[in-house]
Every structure is written in C-alpha cells, then in structure tokens.
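Asks: Got a structure for you, written out below as structure tokens; questions coming shortly.
The values are calculated or read from the model by the stated rules, or taken from the named source; none is laboratory data. Not measured: the values here are computed from a predicted model. Here the Cβ positions follow ideal geometry from the backbone for every residue, glycine too, while neighbour counts run over all protein chains shown.
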Amino acid sequence: MAITTNTTERTIDPTAPGYAAAAPDAAVVPDTAVGGSAQATRSIVVNGVRHVVHGDRITFEGVVGLADGRGTRSDGHTVAFTRGPVEAPEGLLMPGHGTVLVEDQVFHATATHEG
Amino acid sequence: MRVDPAIERLLAEGYDLVVEDATLTVRDVPHVTRERVVRRGELVLPLAAVGGRVLPPRDGFAWFRGDTPCDADGNMLGFVHPERTAEKLGMLLCLHPAHRGFRDHHEAVTMLVNAIERPARSIRPEASAKGEPGRIAFGAPSPFEYGDDAVAREGTTAWNDRLRGGSVGIVGLGGTGSYVLDLVAKTPVDRIHLFDDDAFLPHNAFRTPGAASADEFEASIAKVDRMADVYSRMHRGIVPHRARLDGGNLHLLDVVDFAFVCVDDPVSRHVILGGLRRKAVPCIDCGIGLRTSADGLLGLVRTTVYPPGGGERACDGDARPPLEPSDDPYRFRAQVADLNALNAALAVTAWKRSRGFYGGLPTGQFAYVIDGNLLVNAPHG
C-alpha cells in the first residue's frame with residue numbers, strides 16, 4: 001500500500017504519555033498506565049508517515065500524538081489500525097485504550113466531524 | 001379513500017374486503033383441507049396505486065392464510081406453494097390467465113376464489129366467499145403516499161413491520177444527513193423530523209441524492225423545507241425544523257425517539273450528543289475525516305451507535321469538542337457524495353440492526369478505512 005512510502009521517521013521517547021507496557025491477556029484493553037519496555041523497538045506507520053517507537057504498546061492518545069505531530073490533542077479523533085497483532089489484526093481504538101504493537105502496523109488517526 | 005372500480009365490483013358482489021399495507025385481503029374464503037374438511041381462510045393480493053389509479057396484479061402472485069387449499073380428495077391444489085410462506089401473509093399462490101397477467105383485481109379475486117372454493121362446494125354446496133352485503137375495511141393510515149407493492153408481492157411485510165412507527169430525527173441535512181433521509185424515507189416510520197438552519201445552495205446539490213434543478217436555488221429555500229417537499233412526495237409525516245440546535249433549543253429534540261446526528265461542527269455535535277444522552281434517546285453519530293496525500297484523499301468514515309439509556313460509554317470521547325479548529329480538507333476542497341452515502345448507509349444499516357431488521361450483535365463504533373478499503377469495529381463493551 002502506498003501509504004507506507006512517506007519516509008519521515010521519528011524516534012519516540014518510551015516514557016512519553018501514550019506508550020504503555022504490553023498487557024498479557026488481550027491485544028486491545030483499557031490503558032491506565034504509561035511507560036513501556038525501552039528495549040522493544042517497532043517501526044509503524046501513522047497516517048502514511050513511518051515512525052520508530054520504543055515499547056510494546058501504544059494508546060489512542062499516543063497514536064493521535066504521532067498523527068498531529070504535537071502529541072497532546074485527541075478529543076474528537078477516530079483511530080483505526082490494520083496489520084495489527086494476531087489477536088486483533090484490525091480495529092478501532094477508544095480513548096484511554098491501547099493495542100499491542102507489531103512491526104509495520106498501520107494506524108489511521110483523524111478528526112471525523114464532517115457530514 | 002377512493003375505491004378502485006374493480007374493488008367496487010367485488011364489494012357489490014358481496015366480498016368481505018380489507019385494504020391495508022399495500023394489500024387487498026378477501027376474508028372468509030372457503031377451502032378444503034388435506035383432511036377433506038371445509039374451512040375458511042383469507043386471500044391476500046398486492047395492491048399498488050400510482051397517481052390514484054390501482055395497478056392490476058401484474059404477475060399472478062397472491063398469498064393465502066389458512067389451511068393448505070386442496071381438491072375434494074385432499075390433494076393440494078397445483079398453484080399453492082406452502083414451501084414459500086411469508087409471515088403475516090401466508091402461503092404463496094401462483095395463478096393467472098394463460099399468457100397474460102390479470103386485467104384488474106376483480107378478475108384476480110374472481111379467478112383465485114373460484115379455484116380455491118370450487119372443491120369446497122363439492123362438499124358443501126352453499127360454501128361461498130360472498131355474503132350479503134359486501135364489506136370493506138381500511139387498515140391504519142399508511143406512512144406512505146403510495147403502497148410498496150413489493151412488500152406484498154414478495155412477502156416482506158413482517159420485516160418492514162420491524163421498522164414501523166416512531167419518530168426519527170435527522171440533525172444536519174448536509175451530505176450525510178440528506179442520504180440518511182433518502183434511506184429512512186423508504187421505511188414505515190411514523191414521522192421524520194429534519195433539523196438544519198442552512199439554505200439549499202448549488203454546492204449542496206453535489207452532495208445530495210437526486211438531481212436538483214437550477215431554479216431551486218433562486219428562492220434561497222431552507223434545506224429542511226426543500227428536502228421535506230421532495231420526500232413528502234413519498235413519505236408522510238416529514239416535519240422540517242429550520243433551526244441550528246444548540247444548548248438553548250435542545251427541547252426541539254423532545255419529539256424524536258431516535259436521532260441520526262450528521263452535523264459538521266464539532267461543538268454542535270458535542271452539545272447535541274450530550275443532550276440526547278441526557279434524555280436517554282438512542283442515536284447514531286456520523287462523521288467523515290479526510291486528509292490529503294500524494295496518492296489522493298485518505299481518511300475514515302465513522303459511525304458511532306449510542307444505544308438507549310444514556311450514560312457514559314467508551315466512545316463518548318468522540319462527542320467531546322476538539323480543542324483547535326479542524327484542518328480537515330473536506331470542508332474546503334472535496335465533494336465526496338460517495339462517502340456521504342456510505343456513511344449514511346452504514347448508519348441506517350446499524351439503526352435497522354437495532355430494530356431487529358438485520359441480525360447480528362449490536363455495533364458500537366465502526367469505521368471505513370478509505371486507503372485500506374476496510375471496515376473495522378471497536379471492541380464490544
């Protein structure tokens with residue numbers, strides 16, 4: 001898919017808000033913690049831009065932060081992912097929830113307010 | 001209601017008739033059962049009218065409610081198809097004159113009743129569907145200006161009944177809202193309330209079903225009035241409200257028991273969804289988000305279902321206003337009537353699922369991913 005061709009890359013601070021340690025029991029669960037395992041590194045695509053992130057999970061807020069480049073605004077966004085973990089290869093993330101990260105996972109994050 | 005001349009003839013001949021839901025029912029039709037007993041059943045024919053003129057039953061399909069009609073020896077009549085039974089209508093009958101359709105309902109009823117009751121007369125000579133005098137009754141007023149003959153012809157009445165009644169609101173008559181109206185107007189809800197304060201302008205026509213004529217823009221008519229006029233040709237009970245809903249007039253929503261929220265302003269969306277949730281009115285919120293890329297427009301088409309009962313849900317975050325103005329290219333650069341229609345179709349499909357028309361688990365939030373050509377669901381719960 002052509003969306004992976006944009007080559008802007010960012011390395012993400014694993015201690016930044018929006019990144020959490022992997023949950024052992026489910027691919028998509030509510031996230032109450034932040035932080036992550038600094039040793040794990042994943043290359044993912046958010047809105048067509050490739051990012052290198054450290055950690056095993058990413059939250060709704062973390063994806064929106066990567067999408068808008070500012071890392072803070074998330075209200076009103078919709079976040080979808082494809083090419084995700086086997087347990088949940090595709091789906092939507094809700095605010096406060098996250099997903100296990102896998103290499104080359106693709107995220108789409110945009111405000112969906114137009115009618 | 002004006003009665004068709006063919007139905008007048010049936011009435012004069014002594015039949016007991018009911019006109020309801022695009023059907024003509026003939027009551028008390030004697031027939032022989034497999035046990036060679038004479039019983040009474042009801043013959044149901046499609047009844048469609050165009051321009052006040054009743055259309056003849058085209059293809060010889062009718063339905064029978066009762067025991068399986070048989071000959072005097074208890075053998076099923078050849079034009080009876082009990083393997084094709086429709087809820088509320090009965091078993092399918094397929095009988096018509098050789099090489100043509102019926103001229104009118106009088107010919108159809110006469111031929112079908114004679115074929116069904118003739119065996120009964122061989123057992124009970126006085127058996128007849130005709131009484132003295134004939135009677136006719138009319139069912140509840142239809143929400144439509146004309147009947148859907150497919151409902152009776154194809155036996156889909158019971159499914160349509162699952163959507164019958166209630167007042168549906170459509171908040172915002174932009175691209176998505178106008179397509180929602182296009183679909184809801186084909187369902188037998190009692191009332192459809194339209195809320196919008198904008199005028200109908202040429203750019204609206206490029207994201208609205210159908211084809212507006214140039215003279216429609218001259219009078220700067222309100223969208224709600226224009227759409228109510230168009231769809232009132234088909235569906236009764238369409239009520240326009242030229243109003244932009246905000247915190248001061250949410251009481252206007254008191255008349256609806258379900259709402260589609262199709263606004264394009266995030267602050268309005270926040271206020272309207274909050275009001276509906278406080279009133280515990282179930283609703284579906286629609287929204288499109290686009291962004292540009294060298295490959296074309298990308299983005300998401302979102303549908304969020306809020307079930308009855310109000311309260312907080314995981315997807316309530318979408319009802320919060322954004323903290324900064326949207327830089328979405330949709331508003332400025334793209335007409336995407338196809339995505340509007342898709343958003344509307346997904347929303348109406350979810351509404352029909354909530355009414356038991358479609359099967360499957362209730363949905364919460366889901367989105368079409370444009371560049372993945374994929375429909376993805378939020379986790380249940």
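Asks: Collect the residues in region B:18-42 that are modelled with pLDDT of 95 or more and in contact with a Leu (Cβ under 6 Å, 6 or more places away or on another chain), keeping them in residue-number order.
Replies: B:V26, B:V29
Asks: Within region B:157-179, can you find the residues that are of a type outside the set (G, A, S), touching a Pro at 6+ places or on another chain (Cβ under 7 Å) and within 14 Å of another protein chain (Cβ to nearest Cβ)? Steps first, answer last, please.
Replies: Step one: of region B:157-179, the residues of a type outside the set (G, A, S) are B:157, B:159-164, B:168, B:170-171, B:173, B:176, B:179.
Subsequent filtering for residues that are touching a Pro at 6+ places or on another chain (Cβ under 7 Å) retains B:160, B:163-164, B:179.
Selection gives B:Y179 alone.
Asks: Taking region B:159-184 as the region of interest, how many residues are in a strand (DSSP E or B) and over 18 Å from B:G356 (Cβ atoms)?
Replies: 4
For every residue, the table says whether it meets (1) within 18 Å of B:T110 (Cα to Cα); (2) touching a strand residue (DSSP E or B) at 6+ places or on another chain (Cβ under 8 Å).
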{"position": "B:D4", "(1), (2)": "yes, yes"}
{"position": "B:R9", "(1), (2)": "yes, no"}
{"position": "B:V19", "(1), (2)": "yes, yes"}
{"position": "B:V29", "(1), (2)": "yes, yes"}
{"position": "B:T33", "(1), (2)": "no, yes"}
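Asks: Could you check how many residues of region A:93-111 are at the interface with chain B (Cβ under 9 Å from one of its Cβ atoms) and either at pLDDT 95 or above or within 19 Å of A:V49 (Cβ to Cβ) (or both)? Explain how you work it out, then say what you get.
Replies: Taking region A:93-111 and keeping what is at the interface with chain B (Cβ under 9 Å from one of its Cβ atoms), we get A:93-97, A:106, A:108-111.
Within this subset, residues satisfying the condition of being either at pLDDT 95 or above or within 19 Å of A:V49 (Cβ to Cβ) (or both) are A:93, A:106, A:108-111.
Qualifying residue count for the region: 6.
Asks: I would also like to ask the following. Among the listed residues A:G36, A:G55, A:G18, A:G71, identify the single one that is at pLDDT 75 or above and surrounded by 15 or more Cβ atoms within 10 Å (Cβ to Cβ). Let's see the steps before the verdict.
Replies: Working: A:G36 fails: at pLDDT 75 or above; A:G18 fails: at pLDDT 75 or above; A:G71 fails: at pLDDT 75 or above.
Sole residue among the options that is at pLDDT 75 or above and surrounded by 15 or more Cβ atoms within 10 Å (Cβ to Cβ): A:G55.
Asks: Further question: Which strands (runs of 3 or more DSSP E) does region B:1-66 wholly contain that include 1 or more residues that are farther than 17 Å from B:A86 by Cα and assigned by TED's automatic domain parsing to the domain that holds B:P82?
Replies: Values: elements: B:16-20, B:23-32, B:38-46, B:61-65.
Of the strands (runs of 3 or more DSSP E) lying wholly inside region B:1-66, those with at least 1 residues that are farther than 17 Å from B:A86 by Cα and assigned by TED's automatic domain parsing to the domain that holds B:P82 span B:16-20, B:23-32, B:38-46.
Asks: Ok, one more. Being β-branched (V, I, T) and crowded, with 17+ Cβ neighbours inside 10 Å is the filter here; which residues of region B:1-32 pass it?
Replies: So in region B:1-32, the residues β-branched (V, I, T) come out as B:3, B:7, B:18-19, B:23, B:25-26, B:29, B:32.
Scanning region B:1-32 gives B:I7, B:V18, B:V19, B:T23, B:T25, B:V26, B:V29, B:V32.
Asks: Please go through region B:362-376 and give me each residue that is under 16 Å from B:I284 (Cα atoms) and either away from chain A (no Cβ under 14 Å) or over 26 Å from the mean Cα position of the chain (by Cα) (or both), ordered by number. Full working, then the answer.
Replies: First, pick out the residues of region B:362-376 that are under 16 Å from B:I284 (Cα atoms): B:362-368.
Correct list: B:P362 only.
Asks: Name the residues in region B:77-127 that are among the small types (G, A, S), surrounded by 17 or more Cβ atoms within 10 Å (Cβ to Cβ) and not in a helix (DSSP H, G or I), would you? Spell out the reasoning first.
Replies: Initially, region B:77-127 is screened for residues among the small types (G, A, S), giving B:78, B:86, B:90, B:98, B:101, B:108, B:115, B:120, B:122, B:127.
Okay, now just the ones that are also surrounded by 17 or more Cβ atoms within 10 Å (Cβ to Cβ), so B:86, B:90, B:108, B:115, B:120, B:127.
Answer for region B:77-127, where residues must be among the small types (G, A, S), surrounded by 17 or more Cβ atoms within 10 Å (Cβ to Cβ) and not in a helix (DSSP H, G or I): B:A86, B:G90, B:A127.
Asks: List pairs: first in region B:156-172 and within 18 Å of B:L47 (Cβ to Cβ), second among the acidic types (D, E) and part of a loop (DSSP other than H, G, I, E, B), Cβ under 6 Å, 6+ apart or cross-chain?
Replies: B:A158/B:E87
Asks: Out of curiosity, is B:A150 of a type in the set (A, V, I, L, M, F, W, C), more than 18 Å from the chain's Cα centre (by Cα) and within 17 Å of B:T23 (Cβ to Cβ)?
Replies: no
Asks: Still on this structure, I have one more. Please report, ordered by residue number, the strands (runs of 3 or more DSSP E) entirely within region B:185-294 with at least 3 residues that are modelled with pLDDT of 95 or more and more than 13 Å from chain A (Cβ to nearest Cβ). Steps first, answer last, please.
Replies: Details: elements: B:191-196, B:238-242, B:258-261, B:283-291.
Fully inside region B:185-294 and qualifying: B:191-196, B:238-242.
Asks: Restricting attention to region B:128-155, which residues are within 18 Å of B:C94 (Cβ to Cβ) and either buried (at least 17 other Cβ atoms within 10 Å of the Cβ) or outside the structural domain of B:F79 (by TED's automatic domain parsing) (or both)? I'd like the intermediate steps shown before the answer.
Replies: Step one: filter region B:128-155 for residues within 18 Å of B:C94 (Cβ to Cβ), giving B:149-155.
Matches in region B:128-155: B:D149, B:V151, B:A152, B:R153, B:G155.
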